[in-house]
Structure formats: C-alpha cells, structure tokens
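Presented below is the structure to which this report refers.
The values are calculated or read from the model by the stated rules, or taken from the named source; none is laboratory data. If you're wondering where the values come from, they're calculated on a predicted model, not measured in any experiment. Backbone-built Cβ (ideal geometry, glycine too); neighbour counts: all protein chains shown. Quick note on the areas: whole protein, heavy atoms, side chains included, nothing else; ligands and nucleic acids left out. Shrake-Rupley method; radii C 1.70, N 1.55, O 1.52, S 1.80 Å.
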Amino acid sequence: MNVTDIAFWIFAAIAVVSGWRVFCTDSMVRASFLLMLSFIAVGLIMVLLNAPYLGIATVFMMAVEMMVMALFMVMYMMNPAGLNPMMMVHQHRFSIAAGVFLFAALTGLIIVTRFTSNPVAPGTEVVAGLGKELLGDSMLIFETAGVTLLATMVASVILSSRSGRFGAADTGSVPPPLEPGGEPAGRQPEQASGHAHHHH
C-alpha cells in the first residue's frame, strides 16, 4: 500500500463520516459545513484518481455553495442561524431503508459494471482542453451567473443588516428559547431609551 492508497482511504473515511454526521447534528449551519467537508473529501479523491478538473471544480463549487447556504440560514431562518437544537431527520424508518437500498444498489452497480479503458496520451493538456470544451460557448452564461450570485449575496447582507433606514431591524423581536416556555436564547435587541436624536 503506497501513499496514494493511504490518502484515498483517509479521504474516503472523512467523506463517509462527515456525510453521516450531517444527519446527526442539530444545527443547519453545522450540517452545511459537514456536508462541505464531505464534498471536499470527494473532490480530493477525484484528484487522486487523475481527474484534477472535476476534483478541484467540486471543491470550489461545493465550498462556495455551502458557505452561501450557511450565510442565508444565518440571515433568514426564524431559528437564529439554525444554531438552536432542531430535528434534522424526518421519517426515520423510511430514510434508513432508502439509504440502505440506494447504497446497496450503487455498490452493486460499481461491482458489476465494466468500465471502459481509454487512456490519454502522455503530455496531453487534458484540463485546458476540457475547459475550452465546457466554457468555449458558455463563458458569457457562466460569468453572468457568477455576477448574479455575487449581487444576490451582497443584497442579502444589506437587506438583513440590523441598522436600517427606519431604525433597528430587530426592534420588538425576541429570539426563540432553547426549550418550550424557556427564556429567549441569544442576543436580545436593546431597548430604546426614549430619547430620539434628530440629525439635520
């Protein structure tokens, strides 16, 4: 067993364990980061399998996607940031049965499928050729989507900021309790002092 084999088993263990922990944590934000870790491990496995473009693209795309998901959860979820305990899995028996069935089916397909062998000649610029094939006619679409996503993130931060044009955005809001009927958890909005200051 060489270094590549050891790295493969380490990344495979990280992918499986972190993917399993996604459904065991009680926080949407933590679940997002665990899922990101699982995808990063899968991307690194692709790099080990001599698929650098797919591996690095998976790492970049999933890292950005999970960060955006966590950002939107922090800003818009009624449960503040998804950090209060909450149930992540529903219909437990059906979920377990579906997961076991799909795992067995995919494993069986991997075992019985005969993969083709078409090695690329040494020295071929595989990544450059694949990039031109994928982005040659679609560069404008990809660039437009990137700018749109960035504008959406910036607009979300602006819209969810605490200080707004007409005063604090969290005036009168109280964070939910950790337990039913308990005290509010998290930062509570400051009470107005009753003295308004007008600036001309």
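Quickly run through the range 115-129 and pick out the residues that are over 33 Å from the mean Cα position of the chain (by Cα) and farther than 19 Å from Ile56 by Cα.
Once the filter is applied, which keeps residues that are over 33 Å from the mean Cα position of the chain (by Cα) and farther than 19 Å from Ile56 by Cα, the range 115-129 yields Ser117, Asn118, Pro119, Val120, Ala121, Pro122, Gly123.
Go through the range 20-30 residue by residue and tally those that are open to solvent by less than 30 Å² (accessible area, probe 1.4 Å) and either out of contact with any Leu (no Cβ under 8 Å at 6 or more places or on another chain) or at pLDDT 90 or above (or both).
The number of residues fulfilling the criteria is 0.
Conditions tested, residue by residue: (1) closer than 22 Å to Val120 by Cα; (2) crowded, with 19+ Cβ neighbours inside 10 Å; (3) not polar (S, T, N, Q).
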| position | (1), (2), (3) |
| --- | --- |
| Ala7 | no, no, yes |
| Ser32 | no, yes, no |
| Ser38 | no, yes, no |
| Gly43 | yes, yes, yes |
| Asn50 | yes, no, no |
| Phe60 | no, no, yes |
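Need a quick list: helices (runs of 4 or more DSSP H) entirely within the range 92-164 having at least 3 residues that are free of Cβ contacts under 8 Å to residues at least 24 places away in the same chain and either β-branched (Val, Ile, Thr) or open to solvent by 100 Å² or more (accessible area, probe 1.4 Å) (or both). Walk me through how you get there before you give the answer.
Details: elements: 92-112, 126-135, 139-159.
Where helices (runs of 4 or more DSSP H) fall fully within the range 92-164 and carry at least 3 residues being free of Cβ contacts under 8 Å to residues at least 24 places away in the same chain and either β-branched (Val, Ile, Thr) or open to solvent by 100 Å² or more (accessible area, probe 1.4 Å) (or both), they are 92-112, 139-159.
Which residues, counting only those in the range 50-69, are closer than 22 Å to Ala31 by Cα and polar (S, T, N, Q)?
Result: Thr58, single match.
Please go through the range 17-41 and pick out each residue that is more than 17 Å from Met69 (Cβ to Cβ), assigned to a helix (DSSP H, G or I) and touching a residue at least 12 places away in the same chain (Cβ under 8 Å).
Ala41
With respect to Arg187, determine if the residue is assigned to a loop (DSSP other than H, G, I, E, B) and modelled with pLDDT of 75 or more.
Answer is no for this residue.
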